[in-house]
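First up is the structure itself, then whatever we jot down about it.
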Amino acid sequence: SKINQLAIVDRNNAVIVALENHTSLLIDIRSGSTLAVLNHQSQVNSVDLNANENIAITGSTDHSAKIWNLLNPLQSMSLKHNAAVNLVKLSPDGSLAFSMAKYDKAMIWNANNANVRGEIPLSSSLLKRGGVFTTAKFSSDNQWLLTGTAAGIVQLWDIKNFRLSREWKMPKRYFIRPNKSAVLAVAFGSNNHYSAITTNGLLHRFN
């Protein structure tokens, strides 16, 4: 089946893939064997994995994200949305989960019990236009969320108070051409530095 997204866990030899056939597969990289099959009612759009905490998260067109206990893959907690979930992410310690649904909302959840921690404050006009995040990353202390958009914008969110802290527009590669570069990945660096990779082939570092 078509792969919509995948996540590889460093040093754990595991990969999780989001598939169009309504499933997500957890695969052992060394042997190629399938360790778990995680099911949805529609195609899976986004996945993330925390092998140290034995949890995974999947987001689907069936209007839900699910947090899975990898020690018992039949057990999951459902995170409900009102539209297709196209982006999910786990915090480094596995205690927080992020889910974003097109035309709906972006939420932070407690990954241990699926309780809502808060909502990322997005404008109604952006949501109505289907504006979505293309990538997200939690800080190591769970105080911040870094996001990127299809319009080449990187945003830093204070998830203790649920407000936008800073915003950057990624520069064009060619001055005279329209900027159609989406943000593919974001990362936290040291000393309040941040990084982003965009589809125009550039790696950006900023503070």
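Observations on the structure shown:
- Cα-based shape type of the stretch 1-99, given that a ≥ b ≥ c are square roots of the gyration tensor eigenvalues and the cut on a/c is 1.5: oblate
- Surface composition of the chain: carbon plus sulfur atoms contribute 48% of the solvent-accessible area (1.4 Å probe, protein chains only, all chains present).
- Rounded accessible area per residue of the chain, 1.4 Å, Å²: 52 Å²
- Charged neighbours of residue 135, selected by a Cβ distance under 14 Å, balance to +1 (K, R count +1; D, E count -1).
- The residue list 33, 157, 49 was ranked by how far each Cα lies along the charge dipole of the chain toward its positive end, using unit charges on Cβ atoms, and 157 comes out on top.
- Cβ-placed point charges (K, R +1; D, E -1), dipole of the chain about Cα centre in debye, nearest 20: 840 debye
- Overall, the stretch 47-119 carries a charge dipole of about 140 debye about its Cα centre when +1 sits on the Cβ of Lys and Arg and -1 on the Cβ of Asp and Glu, all other atoms neutral.
- Computed on the chain, with alpha-carbon pairs under 8 angstrom and 6+ residues apart, the relative contact order is 10 percent.
- Loop chymotrypsin sites (Phe, Trp or Tyr not before Pro), the stretch 130-174, which have at most 12 other Cβ atoms in a 10 Å radius of their Cβ (DSSP): 174
The values are calculated or read from the model by the stated rules, or taken from the named source; none is laboratory data. Note that the structure is a prediction, hence the values are computed from the model and not measured. For neighbour counting, all protein chains shown are included, and Cβ atoms are generated from backbone atoms with ideal geometry for every residue, glycine included. We work out accessible area using only protein heavy atoms, side chains counted, and drop any ligands, DNA or RNA first. Shrake-Rupley method; radii C 1.70, N 1.55, O 1.52, S 1.80 Å.
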